[in-house]
Amino acid sequence: MDIVLNLGILLLITYIFAFFAREKVPSVLTYILIGLVLGRSIANFIDPTFMQLDSLLSTLVLAFIAFEIGDTFRWQNVKQLGIKSIALSTFEGTFTAIIVSTGLMALFYSGILHVAHPMPVALLLGATAAATAPAATFMVVKERKARGIFTDYLLMAVTFDDAVGIIIFDFCTVIARALLYGGGINMAEVIVAPLQEIGYSVLCGAALGLLLVLICRYIQEKEGSLLVSIAMVLLAAGLSNQFGFSPLLSAMVLGAVFANLGKTSKRVFQYVDEWTPPLFLLFFVISGANLDISLLPQVGLIGLAYALLRACGKIFGDNLGATIVKAPPEVRKYLGFAMLPQAGVAIGFAMLIKTMFPELGYITTIVMTIVIIFEIVGPIGTQYALEKSGSIEKAV
Amino acid sequence: MNPLISLGLVFLIAYIASHLFGRFIPSDLVYVLVGVILGFLGIIPESMMESEYAIALLTMGMIAFLLSPFLGGGNLKDLGAKMITISVIESLFTFFVVFLGFCAYFNITGSIDVPSALLLGSLSSLTSPAVALMQFREYGTKGPLTKYSTGMLVFDEVSGLIIFIIVMSVSRVMLGASVSPLRNVALAPIIEILAPITIGTLCGLALSWFFERANDHNKDSVIITTLGFILLTAGIAKALTISVLLTTLIMGIVVVNRSQYDAAAHLDVFMGPAFLIFFVIAGANLDLEVIPEAWPIIIIYVALRAFGKIFGTKAGAMIVGAPEVVGKLAGYTMLAQGGTDIGLAFMVSVAIPQMSSMLTIVLGAAAIFEIIAPFTTRMAILRSGEDTIEP
């Protein structure tokens, strides 16, 4: 079928379903499910060209989302919540990783479950469990027009999670490698490598952000500022992809720098916001289409244990973390539910595991399978948390 | 290089260049030149060059849809017949000028080649609307010249296509191909017009129904459904090999007339990026090396075609009694080439092996027109005084 026709039909079908379901479920979920049905697992309707675009598109969409999240990092917001939310997300990320790792290890060593390399498997699964999905979370927040302190906490936390996730993941892979292949643990490597990655991401984003601020001084009109912002987000995403930085962090810093220093930033963020919906729709449909449900029966008990432990880790980790940083009660009660979605970042980690430890390839399958579950349960959890915390204004 | 980086650079460089030079050179030409340079440097990713077709289709579809307000309601009734008449007269006039000119030229050079002259003539009657339409938008033009040119640019594709289809069948017969041409000659024009109207109307009704259903007019819904329908309509038109432009235009007209809702306003945000990419890729795909080989024919073609367009429009405008400004200036907005004509030339050179030079000639001419047309269009806009915005 003609590729343009294919895309047109895809957009319309997805939109129609999302439209009729939107009172009950977040549209992201509809998009993912439509993708699942039309994708390679079932109908195989989607043109293969789009499926191949997956990795570029996901980098790009993550970058756009992070850029828009950067808008929440206006100085007066950060002053109030910045340190607290960083501390909170560091705590809950680490907590989830520890709960999942120790829980799995307990199951392995007590003889309930059997695997070849219990320690490394538990560590690596723990590390991927920390990752969340800013994209899906952000979409639900946007669609439900959620606002308030809970939303601010949530958006900052999901974004910082990426940094925390990278550190934990790098840390765990170094230990796992030492356990599997021998050799000492080079502490410098454990600490320096992730910090480098984060540092470069921030630098890259800040540099592009300053450039954007500078250019926008000379450009006032709508079309120009939109084109230049798109260019900057593309560059942030592309450079991160090329040099192995985090596209999320660099685009977020780009957005934050621009939000704080750019005089026209409020308007520009609105333009970008108008531009992105079709892109996001396509992205979620394709990520749904790429989910391989034939993996589901293979999850087994390890997968189930991993999913349950991760949910516990997130919910209790956020609860404890919020108590420690003295966040408002609604944050303490509901933040964990909002942070259940998992997607691209976790899949990325899973792919890395496959490359680094070929004999532990089944971990990749487990993570990918569980991602299907969290992609479906996650948005519902987020919506539930937003409703309960009173972040959604009643319909006018 | 990572394709995202290249794409980012394309946006940044093209926009900054157009911002810096936009005062002196029309920005679509800046984009084309940036495309030529970046294509030469190999900065434009391969995958983007290949997706030219999809981008062109989408851009064409959006252009036609955004045009529809011009043709909404009374405008269409008042001007429609006149526009079509001018466009038919002007296309036929250009066809005959180029055809007879080349007959004379081939006669002088001693290689009598009627089929080539016929095909060159039919290709010359086609116009690429993007350049003029973008400039109308850029200058925010309003007035009779804008209305007439817009309508004519769109109908031109249809009249040009019909001429081409007839000529193609005739020249095939002349070259001894064993196709029964009569049926095609008789039916093709009817299908060329009826099919777009039918499909465009159906899609337009469906989209306006959508707008009524989604009565909260959520911005995201409007954007997604409109884009979806443009892609759908353009895709169907392409699959049936009927005019994409006319089909989407008719869809837009139906929507404008049936619903009060201004969807075009929301779509505006997509036009900037789409135009930029479209023209940069067009520039990157221009093969400048082909020009030296065939330059005498190219130069004659360009001169004859320009003459045909400008004076054909003048004659047409006089005959139907259009405002003076239309006769005087509209021809200058219709010079661009480099869309359907290249596709058709490509088709000819594949279908009729003797005509393989056709693509070279049309590509060369398109390159020249692509450079001339932005200037002549701008001249026409400024002379007519219909511009409202200082770009």
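The values are calculated or read from the model by the stated rules, or taken from the named source; none is laboratory data. Values in this document were obtained by computation on a predicted structure and should not be read as measured data. Every residue, glycine among them, receives a Cβ derived from its backbone with ideal geometry; neighbour counts consider all protein chains shown. With ligands, DNA and RNA removed, areas are computed over all heavy atoms of the protein, side chains included. Shrake-Rupley method; radii C 1.70, N 1.55, O 1.52, S 1.80 Å.
For the protein assembly as shown, what is the charge dipole size about the Cα centre, in debye to the nearest 20, if Lys and Arg each add +1 at the Cβ and Asp and Glu each add -1 at the Cβ?
In debye, rounded to 20, the protein assembly as shown gives about 1340.
Using only Cα atoms, figure out Rg for region A:170-260 and give it as a multiple of 2.2 N^0.38 Å.
Ratio of Cα Rg to 2.2 N^0.38 Å: 1.45.
What shape does region A:52-137 take by its C-alpha gyration tensor, where a ≥ b ≥ c are the square roots of the eigenvalues and a/c under 1.5 counts as rounded, a/b above b/c as prolate, and the rest as oblate?
Because a/c hits 1.5 or more and a/b fails to exceed b/c, region A:52-137 counts as oblate.
From zero outward in steps of 20 Å, how is the percent of C-alpha pairs of the protein assembly as shown spread across the bins?
Computed distribution, short to long bins: 15, 43, 28, 12, 1.
Taking the convex hull of the alpha carbon atoms in region A:310-388, what volume per residue do you get, in Å³?
So the per-residue Cα hull volume is 90 Å³.
What does the net charge come to around A:ALA251 if you take all other residues with beta carbon closer than 13 Å to its beta carbon, with K and R at +1 and D and E at -1?
-3
Dipole size in debye (nearest 20) for region A:51-388 around its Cα centre, Lys and Arg Cβ +1, Asp and Glu Cβ -1?
My answer is approximately 820 debye.
Just want the answer: with Cβ charges of +1 for Lys and Arg and -1 for Asp and Glu, which residue in A:ALA66, A:TYR181, A:LEU301 is farthest toward the dipole's positive end in region A:51-388?
Looking along the dipole axis, the top candidate is A:ALA66.
In what order, largest first, do A:TRP275, A:TRP75, B:TRP209 sit by accessible area if the probe radius is 1.4 Å?
Correct descending sequence by accessible area is A:TRP75, B:TRP209, A:TRP275.
Just tell me how shielded A:9-17 is by partners: mean number of partner chain Cβ atoms within 10 Å of each residue's Cβ, no decimals.
The per-residue average across the peptide is 5.
For region A:140-182, take N as its residue count and report Rg(C-alpha) divided by 2.2 N^0.38 Å.
1.83
Could you check how many percent of all C-alpha pairs in region A:1-155 are farther apart than 26 Å?
The proportion of pairs with Cα distances above 26 Å equals 50 percent.
Report the percentage of all Cα-Cα pairs in region A:51-388 whose separation exceeds 27 Å, rounded to a whole percent.
That tail contains 43 percent of the Cα-Cα pairs.
Using a 1.4 Å probe and counting only protein heavy atoms, how much accessible surface gets buried when A and B come together, both sides summed, in Å² to the nearest 100?
3600 Å²
Specify, per residue and in Å³, the volume enclosed by the convex hull of the alpha carbon atoms belonging to region A:253-354.
172 Å³
Any number yet on Rg/Rh for region A:14-71, C-alpha, Kirkwood?
That ratio is 1.05, to two decimals.
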